[in-house]
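Reviewing the structure listed below.
The values are calculated or read from the model by the stated rules, or taken from the named source; none is laboratory data. Just so you know, these numbers come straight off a predicted model, no measurement behind them. Note that we place each Cβ from the backbone using ideal geometry, even for glycine, and neighbour counts take in every protein chain shown. Heads up: the accessible areas ignore ligands, DNA and RNA and are worked out on the full protein's heavy atoms, side chains in. Shrake-Rupley method; radii C 1.70, N 1.55, O 1.52, S 1.80 Å.
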Amino acid sequence: MKPFDTVIRGGTIATAADTFRCDIGIRDGVIATLGHDLGPAEQVIDASGKLVLPGGIDSHVHLAQPTGDETVMADDFETGTRSAAFGGNTTVLPFVMQQKGQSLRQAVADYHALAEGNCYVDVSFHLILTDPTPNVLGQELPALVEDGYTSFKVFMTYEGLALSDREMLEVMDVARATGALVMVHAENYDAIRFLTDRLERAGKTAPYYHGPSRPIVVEREATHRAISLAEIVDVPVMIVHVSNRESMEEIRRAQSKGLKVYGETCPQYLVLTENDLDGLNMEGAKYVCSPPPRDEASQIACWEGLQSGTFSVFSSDHSPFRYNDPQGKLRAKGRTSFRWVPNGIPGIATRLPILFSEGVVKGRIDLNRFVALTSTNHAKIYGLYPRKGTIAVGADADIAIWDPEREVTISHALLKDGSDYTPYEGMRVTGWPVLTTVRGRTIVVEGSLVGGKGHGAYVQRQRTSTGRLARKGYEQ
Ligand code: URP
Ligand code: ZN
Ligand code: ZN
């Protein structure tokens, strides 16, 4: 047997279940051995004093997504996956967005063409359904699920994207029949339009009013409705980017009835608030995302959801637009209302350090839950486990080595994305990923890019859902 390609020596490994001292032998991109005194290797990485964790899996990111207007997303597959690697991630799941009238199969082909040869970390794709025609529902979608596109997002809001309840039911019905998972953006579209019109009539057009145009009740009502629709069809659902207690309680209530309803929250709901949207001039536009950041009580609720397991996954919802750019947030210069500020904020590289620092270092969650929330549960829920999301013999050698004591002031310059700002500029964190390895190849070490563009590959996924709203499963 040839020697290991790489041995990671002297570190403390943490998985979603255990923490232990052990070396890792890597051969042909896969974890070949866990043990001590592993013998010769072409490359030895000294991880003494460091944590050795499964690479982050970010199951909610938007890259190179068409917007349907003059705005342009700040990250393509190259810059987005590069930034992901700087933040300790080894796999990301962006969305293939179907445009109205477009064949879903064609949209998938277009995304593969954009990703091919450009990625630093591995990728797999969810679908976004905007046009659930009989052909899409009857032919294309079942065939795509069969091919490994086993999760799809539906929107209950956004111009041109929102589905009616009937359309949601039809999509959920396909998910049930095929064993796919439906991800729901839960906000009430008509209520948001009504409130937006009213705010504008009152001259309340600054970015701050993005929050009041989408209050908690708008999200809570839609969360309740999404879960009810899933119950009618009898299919599991994932409620994404949950921002507050009332929505979380809808999810918890469903879970306590034994329903397979998953919840996701994101960094912006832990460390930002509505006050961040209240900056001078248009500065608040930097924080416009949906649902909007809320208040401190909502932050506490989101922490409780992470602690209790109501939320199984912690994702970035990375949806980057440049700030000082007519194709980005300041598009609104000529159109003076918050209505025109593109929704979404960057966060692919800051997700893990923020949760590590605010969660693990401050004692809100332990290290094993951190791994579950940022990697293992994503792999399990979206059909990548056990190849991804853990450190085990036979798994891909997707590893992030962390310095748990390093103090870093977040600045956009560290993140290597395509945007021109980070909403977390100046935030002090403790703990930082110092090395990211994807299938045994080091991509980032000590803030330097060493891995090649194109190493990141598309990963085929399995179905993990039964297609039924049965008892909550395996996630931690
Ligand atoms: O504001 C957000 N979250 N933009 C990204 C698209 C979405 O709704 O996830
Ligand atoms: Zn969304
Ligand atoms: Zn999103």
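Determine which member of the set ALA85, ALA109 is without any contact (Cβ under 8 Å) to a residue 40 or more places away in the chain and in a helix (DSSP H, G or I). Walk me through it before giving the result.
On the way: ALA85 fails: without any contact (Cβ under 8 Å) to a residue 40 or more places away in the chain.
None of the others qualify; the one that does is ALA109.
Note on the range 147-174: among residues that are touching a residue at least 24 places away in the same chain (Cβ under 8 Å) and under 13 Å from ILE232 (Cβ atoms), the one that is most open to solvent (accessible area, probe 1.4 Å) is ASP173. Restricting attention to the range 293-328, the residues that are under 20 Å from the mean Cα position of the chain (by Cα) and either under 30 Å from GLN255 (Cα atoms) or without any contact (Cβ under 8 Å) to a residue 60 or more places away in the chain (or both) total 23. In the range 329-376, the qualifying residues are those that are under 27 Å from GLY305 (Cβ atoms) and free of Cβ contacts under 8 Å to residues at least 12 places away in the same chain, and the one that is surrounded by the most Cβ atoms within 10 Å (Cβ to Cβ) is ASP366. Just one of the listed residues (GLY56, GLY87) is out of contact with any strand residue (DSSP E or B) (no Cβ under 6 Å at 6 or more places or on another chain) and modelled with pLDDT of 95 or more, and it is GLY87. For the range 268-300, the set of residues classified as open to solvent by less than 60 Å² (accessible area, probe 1.4 Å), part of a helix (DSSP H, G or I) and not aliphatic (A, V, I, L, M) consists of GLN268, TYR269, ASP276, GLY284, LYS286, TYR287, SER298, GLN299, listed by residue number. The set of residues in the range 377-388 being assigned to a loop (DSSP other than H, G, I, E, B) and open to solvent by less than 10 Å² (accessible area, probe 1.4 Å) consists of TYR382, GLY383, LEU384, LYS388. Here is the figure for the range 244-259: residues that are in contact (Cβ under 8 Å) with a residue 60 or more places away in the chain, surrounded by fewer than 24 Cβ atoms within 10 Å (Cβ to Cβ) and in contact with a Ser or Thr (Cβ under 7 Å, 6 or more places away or on another chain) total 1. Only residues that are within 15 Å of ligand 2 (Cβ to nearest atom) and in contact with a Lys or Arg (Cβ under 7 Å, 6 or more places away or on another chain) were counted in the range 171-186, giving 2. Among the residues making up the range 301-337, a single one is at pLDDT below 95, in contact with an Asp or Glu (Cβ under 9 Å, 6 or more places away or on another chain) and in a helix (DSSP H, G or I): ARG331. Considering the range 93-108 alone, what residues qualify as being more than 16 Å from ligand 2 (Cβ to nearest atom), in contact with a Ser or Thr (Cβ under 9 Å, 6 or more places away or on another chain) and of a type outside the set (Lys, Arg)? Hits for the range 93-108 are GLN99, GLY101, GLN102. Checking each residue in the range 150-169 for being within 15 Å of THR223 (Cβ to Cβ) and more than 13 Å from ligand 2 (Cβ to nearest atom) picks out ASP165, MET168.
Apart from one condition, ALA17 fits all of (1) touching a residue at least 40 places away in the same chain (Cβ under 8 Å); (2) outside any loop (DSSP other than H, G, I, E, B); (3) open to solvent by 10 Å² or more (accessible area, probe 1.4 Å); the exception is (2).
Is it fair to say THR223 is in a helix (DSSP H, G or I) and either at pLDDT below 95 or within 16 Å of ligand 2 (Cβ to nearest atom) (or both)? Criteria met by THR223.
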